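A quick write-up on the structure given underneath.
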Amino acid sequence: MKIAVLSDTHIPARLQVLPGLVYETCADVDLIIHAGDIEDRDVINDLQRFAPVKAVRGNMDFVSYPEIQNLKLKDFNICVAHGAGPYHNVRRRLRKTFQNSKADIIIHGHTHIFHWKREHDIWFLCPGAVSNPPGSRSMAVLSLEKGKTPHVEKISL
C-alpha cells in the first residue's frame, strides 16, 4: 500500500496553489494523509480527485477536521495528529497522546521539518511542509506491506 503524506500546506496564507509534484505523487497512491494546517477546505477536495484523504486539524485550521485519526492499515496501527506547542517536544507529547493506541507509526506535522525515525518502538513521520520556502518543501510516500518494515521516501518539492 502506498500512502502520500503531506502537511502544512497553509493555502492561501503561504502558498496559493499546491506544487505540481504533489499532484504527480498523489496520482500514484492508494491513500492520502494530510497532517494538518490545511487552512482551505478546497485543498482536501482537490486531493480527493486522486485517492481517499484522511486529514486532521492543525493549529491554523478553522474547519471541522478531527484532532486525531487512528487508522489500521496493512496490520499497522497508524496514528495521525498535527502536533502543537514547542517544536522540540512534539514527538514526546504525541507519544503521550497515543499511549493507549498501540501505535506502530505516528504521523504529524507542525515542525515543518522532515523526520522519519524509530523512537521507543514507534516510527515517527513528519513529512516536512509543502509551504516551506522553495528548496526546503517536502512531503513523503509511506509504503506498507504486511509483515515488513515500513518504508518512507522523502519527496522534495
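Looking across region 70-114, the residues that are outside any strand (DSSP E or B) and aromatic (Phe, Trp, Tyr) come down to 87, 98. Residue under question is residue 150, and the condition is that it be at pLDDT below 95 and touching a Leu at 6+ places or on another chain (Cβ under 9 Å); does it hold? Judged against the criteria, residue 150 is not a match. Taken over region 16-49, the criterion of being farther than 16 Å from residue 139 by Cα and in a loop (DSSP other than H, G, I, E, B) is satisfied by 16, 39, 40, 48, 49. Does any residue of region 115-128 turn out to be in a loop (DSSP other than H, G, I, E, B) and of a type in the set (A, V, I, L, M, F, W, C)? No, region 115-128 contains no residue that is in a loop (DSSP other than H, G, I, E, B) and of a type in the set (A, V, I, L, M, F, W, C).
Scanning region 96-113 for residues that are without any contact (Cβ under 8 Å) to a residue 12 or more places away in the chain and among the basic types (Lys, Arg) returns a single hit, 96. Suppose the filter is out of contact with any helix residue (DSSP H, G or I) (no Cβ under 6 Å at 6 or more places or on another chain), of a type in the set (S, T, N, Q) and more than 19 Å from residue 132 (Cβ to Cβ); does residue 59 pass it? It is false that residue 59 is out of contact with any helix residue (DSSP H, G or I) (no Cβ under 6 Å at 6 or more places or on another chain), of a type in the set (S, T, N, Q) and more than 19 Å from residue 132 (Cβ to Cβ). Just one of the listed residues (123, 116) is more than 17 Å from residue 8 (Cβ to Cβ), touching a residue at least 24 places away in the same chain (Cβ under 8 Å) and under 15 Å from the mean Cα position of the chain (by Cα), namely 123.
Scanning for something charged (D, E, K, R) and either over 16 Å from the mean Cα position of the chain (by Cα) or at pLDDT 95 or above (or both), does region 85-92 turn up at least one residue? Give the derivation first.
To start, the set of residues in region 85-92 that are charged (D, E, K, R) comprises 91-92.
With either over 16 Å from the mean Cα position of the chain (by Cα) or at pLDDT 95 or above (or both) added as a condition, the list becomes 92.
Yes, some residue in region 85-92 is charged (D, E, K, R) and either over 16 Å from the mean Cα position of the chain (by Cα) or at pLDDT 95 or above (or both).
Cβ separations smaller than 6 Å between residues 6+ apart or across chains give the following pairs from region 129-157 residues that are in contact (Cβ under 8 Å) with a residue 12 or more places away in the chain to residues that are outside any strand (DSSP E or B) and polar (S, T, N, Q): 130/9; 131/9; 155/25. If you go through region 59-94 and keep only what is among the aliphatic types (A, V, I, L, M) and either under 15 Å from residue 3 (Cα atoms) or surrounded by fewer than 19 Cβ atoms within 10 Å (Cβ to Cβ) (or both), you end up with 60, 63, 68, 71, 73, 78, 80, 84.
The values are calculated or read from the model by the stated rules, or taken from the named source; none is laboratory data. In this text the structure is predicted, and so the values were computed from the model without any measurement. Every residue, glycine among them, receives a Cβ derived from its backbone with ideal geometry; neighbour counts consider all protein chains shown.
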